[in-house]
Amino acid sequence: MANVTFLDVRRLSADSADAADVALAMDEDAFRGFYDRTSGALWGYLSRISGDRQVADDLLQESYYRLLKSNVAFESENHRRNYLYRIATNLVNDSRRTSRPLFDNSVEMSDIAASDTHADTETRQDVRRALGKLKPRERAMLWLAYANGSSHAEIADVLGLKTGSIKLLLFRARRKMASALQR
Amino acid sequence: MKRDYSDPEIEAIVSEAIAAEASTARREARPPSSAIVWWRAQMRARAEATKAVERPLTIVHGLALAASMGLLVGVVGTAIGGLKGTIAWFAGIYASLAASGTSAVAIDFTSRWFMLPMTAMLISVVVLSVAAFVIFADE
């Protein structure tokens, strides 16, 4: 049996800490490409589902970190993207349990491009107000369906629901949103 | 005035509104660069790995310290017992010197009252040196 001293153990532990980068689920190039393709859309999802821009900023990085630390073997880019959205959705749900304000409409009007007309601005405010009246799960469902173009199976996967129930839940969410837009 | 819309009409209205909002959100998005996010993830993973690895070592440090403290207390206890015996031994010598009037006294270095405290002190010095080396090495 080899003689391993206490100092050897310490040296080994330092080496394993240095090797933490190889423990991440993707290499740098693959990650950066995936991030560049998905981060804008994910930020949009997080900001509209949480209703808080600051939360979106915080949860964006946390979502990617958890994806990198996951041990899931992804079959495709879509699979990886759906998994990322599932992480993001869970993080929003967790952050909702804290005392942060939900859907405070914190996306400032000054951020809207100068070329937008007054009517555009009003329409957008109406949409945000309508989204704010929905339950977080309904917002997430509508966003995934119409902003991301996700299938019922993908929505079910992201939100942890049964695929068969998505059609009805979407129908109800659409009705609720349309009703809120009409007011 | 409200009117009743059919489901395809509602779907069109909602999908159009959300698609427009998504487009706005994408324009508003200012995510940090991928290089920064990657670097932060690396740093965090490394810090977490170091923390996880060093946790058992901290326990080992604590155990080593506790063991050496226990040993020291034991040694001190034994030394006190030995000291009492040594004092009695010196008192005996003094008494015998006074009684016989002899100048040369043969000190018995093999006596257990001499050997015990000396051995205890030697052990405590060695143990404490090893413990200090283990605890403070590489820090």
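The values are calculated or read from the model by the stated rules, or taken from the named source; none is laboratory data. Predicted model, so just to flag it, every value in this text is computed and none were measured. Cβ sites come from the backbone with ideal geometry, for glycine too, and all protein chains shown count toward neighbours.
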(request) Determine whether A:A140 is modelled with pLDDT of 60 or more, over 17 Å from B:E16 (Cβ atoms) and within 12 Å of chain B (Cβ to nearest Cβ). (result) yes
(request) Starting from residues that are acidic (D, E) and under 16 Å from A:N148 (Cβ atoms), keep the ones in segment B:12-34 and report whichever is farthest from the other protein chains (Cβ to nearest Cβ). (result) B:E16
(request) Quickly run through segment A:127-157 and pick out the residues that are farther than 29 Å from A:E77 by Cα and among the hydroxyl-bearing types (S, T, Y). (result) none
(message) So, B:G74, is that one more than 9 Å from every other protein chain (Cβ to nearest Cβ), in a helix (DSSP H, G or I), closer than 30 Å to B:V126 by Cβ and small (G, A, S) or not?
(response) yes
(request) Mind listing just one residue for me: the one in segment A:39-78 that is β-branched (V, I, T) and more than 10 Å from the chain's Cα centre (by Cα) and, of those, nearest to the other protein chains (Cβ to nearest Cβ)? (result) A:V55
(request) Taking the options A:V127, A:V158, name whichever one is surrounded by 14 or more Cβ atoms within 10 Å (Cβ to Cβ), more than 10 Å from chain B (Cβ to nearest Cβ) and part of a helix (DSSP H, G or I). (result) A:V158
(message) When you check B:L65 against the structure, is it at pLDDT 80 or above and surrounded by 12 or more Cβ atoms within 10 Å (Cβ to Cβ), yes or no?
(response) yes
